[in-house]
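Reading through the structure tokens given below for one structure.
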């Protein structure tokens, strides 16, 4: 039996942050990964998605400038774009494992499960540790419908050799909306189906409505308030049927309605670790109901968004919590969320809806940005921001943004909020002009 101070289950961003941090503090650490080293984000998640999205964004900006200095909208070459993606992703697993090996951190590839005595079994190897960190993440959820076996997931979409002429996406959350934007820009007919009339519930309702209108304007068939109940082969394609009785023929059907925690093989019940449908239950020290088992990242049931930077932040926190007596509880900074596309939707901090529920504390400034120079120069006709300000201090405490530039704006505001900068502090800073950063002076 091999003995370690900490064994980490999952070689993604959260697990790796903890592994390197604890190793640097002198712990004997092992990392176990059953799938691709590096985890979902760099292999089949945010990183490859944004490589594909680079072409979408460039195409969108070119389209906006037709008649304003550009002629001709570029066509996306799917094969070349996929080759660029694969050139990045193919080296991730070996590079990640090689980094662990170079650092002297033990690494095992295989499926881990708890034994009743608290040890871990990985194939024919048995591991024992003072503490275990579960960082196994999430996987795409497959809905229980007739013809489930014909469904594909985002994992498949992000590695397609050929993009079908017609695709259907089941679920209009982050993943569904982003994949719809990619497929549409690449020339496919896209059907985006969502069970309720309010997708992207974590985001501002007005801006979501605006975004869905833009997707429809781009030619995406957005169907709200219905479910797909059956998928059946139709020659070399598939017939999709909704609960309303509507049906159509499509080239591929992708399940994009949520993700589920990867815990099935762990046998957490053997070590009395409580779970819910949303993941592993933890306290404010990321400790599970077993005092020697901790959890980080998307596998955790918590209110914070399930995002790569959050997993990394939690991994760094456990580096301190597991090596410092009486470590304080985890305290999260403000966390930005972005839905990527030709037009991006971003949100941070106190939401406009939360502000509306507390009118004595906050006020919301709803700004049409379309006539601001930063947006006029790129011909962004839909730019809009809702800025949430704290009445007592006058400081910005939240924002929701819809524009071609939303990801940049929300990151600038992240810094403003995290550093508690007020209008005076912002105005005393000289920034390059004219830029999105110099626009910060106008948001109060």
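Since every read-out is calculated from the coordinates, none of them should be taken as a lab result. Everything numeric here is computed off the predicted structure, so don't read it as measured data. For neighbour counting, all protein chains shown are included, and Cβ atoms are generated from backbone atoms with ideal geometry for every residue, glycine included.
Listed values, structure above:
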| read-out | value |
| --- | --- |
| Filtered residues of segment 434-444 (kept if outside any loop (DSSP other than H, G, I, E, B) and closer than 15 Å to residue 408 by Cα) | 438, 439, 440 |
| In segment 182-198, the residues that are under 27 Å from residue 364 (Cβ atoms) and surrounded by 21 or more Cβ atoms within 10 Å (Cβ to Cβ) | 194 |
| Test: residue in segment 159-168 that is under 28 Å from residue 58 (Cα atoms) and within 19 Å of the chain's Cα centre (by Cα) | yes |
| Residues of segment 289-327 classified as part of a loop (DSSP other than H, G, I, E, B) and within 27 Å of residue 47 (Cα to Cα), total | 8 |
| Residue in segment 417-433 that is in contact with a strand residue (DSSP E or B) (Cβ under 6 Å, 6 or more places away or on another chain) and part of a helix (DSSP H, G or I) present | yes |
| Filter result for the condition that a residue is under 27 Å from the mean Cα position of the chain (by Cα), assigned to a strand (DSSP E or B) and crowded, with 18+ Cβ neighbours inside 10 Å, over 253, 273, 229, 260 | 253 |
| Among residues of segment 367-384, those that are under 20 Å from residue 347 (Cβ atoms) and free of Cβ contacts under 8 Å to residues at least 40 places away in the same chain, counted | 5 |
| Whichever residue in segment 161-170 is touching a helix residue (DSSP H, G or I) at 6+ places or on another chain (Cβ under 9 Å) and under 14 Å from residue 256 (Cβ atoms) and, among such residues, is surrounded by the most Cβ atoms within 10 Å (Cβ to Cβ) | 169 |
